[in-house]
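See below for the structure under consideration.
The values are calculated or read from the model by the stated rules, or taken from the named source; none is laboratory data. In this text, all values refer to a predicted model and were calculated from it rather than measured experimentally. Positions of Cβ are generated from backbone atoms using ideal geometry, with glycine treated the same way; all protein chains shown enter the neighbour counts. What goes into the accessible areas is simple: the full protein's heavy atoms, side chains included, and nothing from ligands, DNA or RNA. Shrake-Rupley method; radii C 1.70, N 1.55, O 1.52, S 1.80 Å.
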Amino acid sequence: TVEVERLMTVLDPLAKDPACKPFFLVGPDGCGKSMILRNCFVGASEKGVNVTIIHCSAQTSAQHVIQKITQLCSVFSTNTGKVLRPKEGDRLVICLKDVNLPKPDRYGTVQLHSFIQQLLLYQGYYDA
């Protein structure tokens, strides 16, 4: 459809840019978000891009995402601190599905949402 073509012309430069700014793809159930992302990253492994999907549930926490990142990345020490680099390929793309499902804690904060915000704002996370 025309809408899909329009969206693909916007997403293609984002997906193919080596700096790859983070983005959210939001829409109602069944509107084709997964198909659009799959189309964006067709042939990504040949280009050095590793795409992984994390399906969120009510129990998903930031720790689950950190575990997935540490499974797929190696830690390197640099003069600026620790740096995570993908084990396979040059880039790692993490697709989080159903981000709205994790339940808030007793203070009303969703730990996963706060972690994603930290990743986006500070381009990393604090690891003790």
- Query: Once you list every other residue whose beta carbon is under 15 Å from the beta carbon of CYS56, what net charge do they have if Lys and Arg are +1 and Asp and Glu are -1?
  - Reply: +2
- Item | the chain, helix-only ellipticity at 222 nm - DSSP H runs n ≥ 4, -39,500 (n - 2.57), divided by all residues, nearest 500 | -11000 deg cm²/dmol
- Linear extension gain, THR109 paired with LEU72, 0.36 nm per residue minus alpha-carbon span: 10.6 nm
- Query: Between (i) 10, 20, 21, 17, 12, 9, 5, 3, 2, 0; (ii) 10, 38, 36, 14, 1; (iii) 9, 21, 16, 10, 9, 8, 7, 7, 6, 5, 2, 0, which matches P(r) over Cα pairs in 10 Å bins from 0, in percent calculated for the structure shown?
  - Reply: (ii)
- Taking segment 34-97, the whole-percent share of alpha-carbon pairs separated by over 20 angstrom is 37 percent
- Item | Interchain or long-range residues, amide H under 5 Å from VAL110's placed H | ASP105
- Item | the chain - percent relative contact order, Cα under 8 Å, separation 6 or more | 23 percent
- Message: I'd like the accessible area for THR80: 1.4 Å probe, protein heavy atoms, all chains in place, Å² to the nearest 10.
- Response: 120 Å²
- Message: About the Cα centre, and with charges only on the beta carbon of Lys, Arg (+1) and Asp, Glu (-1), how big is the dipole of the chain? Nearest 20 debye, please.
- Response: 240 debye
- Query: What length, rounded to one decimal in nm, is gained on full extension from GLN123 through to THR9, with 0.36 nm per residue of separation minus their alpha-carbon distance?
  - Reply: 38.5 nm
- Please name whichever of GLY48, VAL10, GLY30 sits farthest to the positive end of the charge dipole of segment 1-57, dipole taken about the Cα centre and charges placed at Cβ: Lys and Arg +1, Asp and Glu -1. GLY48
- Message: Using the Cα centre of segment 58-121 as the reference point, and only Cβ charges (+1 on K/R, -1 on D/E), how large is the resulting charge dipole? Debye, rounded to the nearest 20.
- Response: 60 debye
